[in-house]
1. Taking 0.36 nm per intervening residue step and subtracting the Cα-Cα distance, what contour gain separates Lys63 from Leu177 on full extension?
2. What does the net charge come to around Leu236 if you take all other residues with beta carbon closer than 9 Å to its beta carbon, with K and R at +1 and D and E at -1?
3. Taking the number of other C-beta atoms within 10 Å as the exposure measure, put Cys231, Cys95 in order starting with the fewest.
4. ³J(HN,Hα) across the range 134-146 via Karplus (A = 6.51, B = -1.76, C = 1.60, θ = phi - 60°), whole Hz, x for Gly/Pro?
5. Need one number: nm distance between label points at Ser205 and Gln264, each 7 Å from Cα along Cα→Cβ, rounded to one decimal.
6. Work through the residues other than Gly214 whose Cβ is under 10 Å from its Cβ and net out their charges, Lys, Arg +1 and Asp, Glu -1.
7. How big is the charge dipole of the range 134-182 about its Cα centre, in debye rounded to the nearest 20, if each Lys and Arg gets +1 on its Cβ and each Asp and Glu gets -1 on its Cβ?
8. Please compute the net charge surrounding Val56, taking Lys and Arg as +1 and Asp and Glu as -1 over other residues with Cβ under 14 Å from its Cβ.
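Every read-out reported here was derived from the displayed coordinates using simple, explicitly stated rules and does not represent laboratory data. These figures come from a predicted structure and were not determined experimentally. Positions of Cβ are backbone-derived with ideal geometry, glycine not excepted, and every protein chain shown enters the neighbour counts.
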Amino acid sequence: MKLVIGKHAGFCFGVKRAAEEAYKCLDAGIACVTLGPLIHNPQEVERLRQAGIASVDSPAKVKPGETLILRSHGVAPEIYQEARERGIPVIDATCPHVAAIHRLVREYSESRDAVIIVGEADHPEVRAIAGWAGSTVYIFNEPEQVRRTALPGRALVVAQTTIKRERFESVLEEIRLKVPDLTVRNTICAATSQRQEEAEKLSASADVMIVVGGHNSSNTNKLYETCRQRCRRSYLIETADEIPAEAIGETDTVALTAGASTPQWLLNEVAERLNSLFS
């Protein structure tokens, strides 16, 4: 068996930075909690919990003496305000790329113009962006949603950072037909594009494609969709225990990639288990 590991597999810059901030708190002996799961990887979230960093679902749940870590997905401005009013110390681990989108939509919506977000309405990153976008905000994830919606004559378009480029462009095409004065900012993260493009190439040449990441991770599921289109034997797994050993042959080329929320230690465990299959 030949194993090929993607160069862009695993933690993106924003997620890595958020995890580092959490472990810095531990090293400094600071009592802290995260607002929601720090990242979309249950194994890393459990690892943090065992180390002493739990998650809460609102600032109201933060206990006296605890510091609140804001995850890389970002939060709406109301969260910052509530934390200030409650006197809660905050470590802002919002991805700088996401924070730049917050500033962009806030500045644009100050002129009372509409903001359109292309992405998944229930994704925490999209919900946070919408919170900075003022009162007139639209969220679309499919071209058909645009066709069914009356839109204003002027708007700004931004993208969920982890959306697939093809989906963004297909939705944008419909928006252009309905909004004559349109400002477009392609805010898809470069690392996301690199990971998707690499996954396309790996899966096209592999016998078996393994995608490692949380089942609840949006970008991991998009990677899996990309790979499945090009490699019939594509598998999405969270841990080394889920490796489909029975589906892998001794002469197969196995390619390995991972979502942006997959820590390096977990990726290493999967790679080591794969290498041991025929050793």
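1. Separation in residues times 0.36 nm, less the Cα-Cα distance, equals 36.0 nm.
2. Residues near Leu236 contribute -1 overall.
3. On the way: Cys231 20, Cys95 23.
Starting with the residue having the fewest Cβ neighbours, the order is Cys231, Cys95.
4. Coupling constants for the range 134-146: x, 8, 9, 9, 10, 10, 10, 10, 9, x, 4, 5, 5 Hz.
5. Going by the 7 Å Cα→Cβ label model, 2.5 nm.
6. Local net charge: -2.
7. Values: 8 positive and 7 negative charges, 14 e Å.
The dipole magnitude comes to about 60 debye.
8. +2
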